[in-house]
1. Within the set of pairs 6+ apart or on separate chains, which have a first residue in the range 119-137 that is without any contact (Cβ under 8 Å) to a residue 12 or more places away in the chain, a second that is part of a strand (DSSP E or B) and surrounded by fewer than 20 Cβ atoms within 10 Å (Cβ to Cβ), and C-beta atoms under 6 Å apart?
2. I'd like the full set of residues that are crowded, with 18+ Cβ neighbours inside 10 Å and either over 9 Å from the mean Cα position of the chain (by Cα) or farther than 16 Å from residue 70 by Cα (or both), limited to the range 107-116.
3. Among the residues of the range 45-61, is any surrounded by 19 or more Cβ atoms within 10 Å (Cβ to Cβ), at pLDDT 95 or above and in a loop (DSSP other than H, G, I, E, B)?
4. Go through (1) within 21 Å of residue 55 (Cα to Cα); (2) touching a residue at least 40 places away in the same chain (Cβ under 8 Å); (3) in contact with a strand residue (DSSP E or B) (Cβ under 6 Å, 6 or more places away or on another chain); (4) not in a loop (DSSP other than H, G, I, E, B) one by one and return the number of the condition residue 153 breaks.
5. Answer yes or no: is there a residue in the range 159-168 that is surrounded by 16 or more Cβ atoms within 10 Å (Cβ to Cβ) and either without any contact (Cβ under 8 Å) to a residue 60 or more places away in the chain or outside any loop (DSSP other than H, G, I, E, B) (or both).
6. State yes or no: is residue 100 more than 17 Å from residue 60 (Cβ to Cβ), in contact with a strand residue (DSSP E or B) (Cβ under 6 Å, 6 or more places away or on another chain) and either surrounded by fewer than 23 Cβ atoms within 10 Å (Cβ to Cβ) or in contact (Cβ under 8 Å) with a residue 40 or more places away in the chain (or both)?
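The values are calculated or read from the model by the stated rules, or taken from the named source; none is laboratory data. Only a predicted model underlies this, so the values are computations on that prediction, with no experimental measurement involved. Glycine also receives a Cβ, built like all others from the backbone with ideal geometry; neighbour counts cover every protein chain displayed.
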């Protein structure tokens, strides 16, 4: 049984996109006008680079939640089970709603080709940023001690201040997403 049941409203695609999380709770993941923005963190549980971003995902989602930003983990592994996703979330302290995206509907909407990708959608459901969380990994096999540019935070600050996000896309260094 596919755990992420897609329910689309009569509004123009993709407004809103509602999916069930791994706990079975329906979540408006794109186009939720109650939030000022929505972030989808597209991950693969087995990707070592994505795992290294767990603390930053926790910090960013917590800090921006109080500013009206909703956040979701999108597990892009087509083979991941609900149990696998729950275990991964618990092990890495990712206390966010987790969506299994076995057919890559959200991966495509987020324009994600590698993980970890952060995708920011405005309340209308428009993708305004897709790319890296920060520049800690400038190339495969190269890791900085600390980030010098926090791309996701910059994008969120621009959205929250009513500005166009620039740049709207950054390259992600990480594990490639393979089609289901």
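1. Within 6 Å, no pair qualifies.
2. Listed by number, the residues that qualify are 107, 109, 112, 114, 115, 116.
3. Yes, because at least one residue in the range 45-61 is surrounded by 19 or more Cβ atoms within 10 Å (Cβ to Cβ), at pLDDT 95 or above and in a loop (DSSP other than H, G, I, E, B).
4. (3) is the only condition that residue 153 fails.
5. Going residue by residue through the range 159-168, those that are surrounded by 16 or more Cβ atoms within 10 Å (Cβ to Cβ) are 159, 165.
So of that shortlist, the ones also either without any contact (Cβ under 8 Å) to a residue 60 or more places away in the chain or outside any loop (DSSP other than H, G, I, E, B) (or both) come out as 159, 165.
Yes; the residues of the range 159-168 include at least one that is surrounded by 16 or more Cβ atoms within 10 Å (Cβ to Cβ) and either without any contact (Cβ under 8 Å) to a residue 60 or more places away in the chain or outside any loop (DSSP other than H, G, I, E, B) (or both).
6. Numbers: more than 17 Å from residue 60 (Cβ to Cβ): yes; in contact with a strand residue (DSSP E or B) (Cβ under 6 Å, 6 or more places away or on another chain): yes; either surrounded by fewer than 23 Cβ atoms within 10 Å (Cβ to Cβ) or in contact (Cβ under 8 Å) with a residue 40 or more places away in the chain (or both): yes.
Spelling it out, residue 100 is indeed more than 17 Å from residue 60 (Cβ to Cβ), in contact with a strand residue (DSSP E or B) (Cβ under 6 Å, 6 or more places away or on another chain) and either surrounded by fewer than 23 Cβ atoms within 10 Å (Cβ to Cβ) or in contact (Cβ under 8 Å) with a residue 40 or more places away in the chain (or both).
Here is a yes/no grid of residues against (1) surrounded by 19 or more Cβ atoms within 10 Å (Cβ to Cβ); (2) farther than 19 Å from residue 109 by Cβ; (3) without any contact (Cβ under 8 Å) to a residue 12 or more places away in the chain; (4) under 14 Å from the mean Cα position of the chain (by Cα):
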position: 37; (1), (2), (3), (4): yes, no, no, yes
position: 40; (1), (2), (3), (4): yes, no, no, yes
position: 64; (1), (2), (3), (4): yes, yes, no, yes
position: 77; (1), (2), (3), (4): yes, no, no, yes
position: 90; (1), (2), (3), (4): no, yes, yes, no
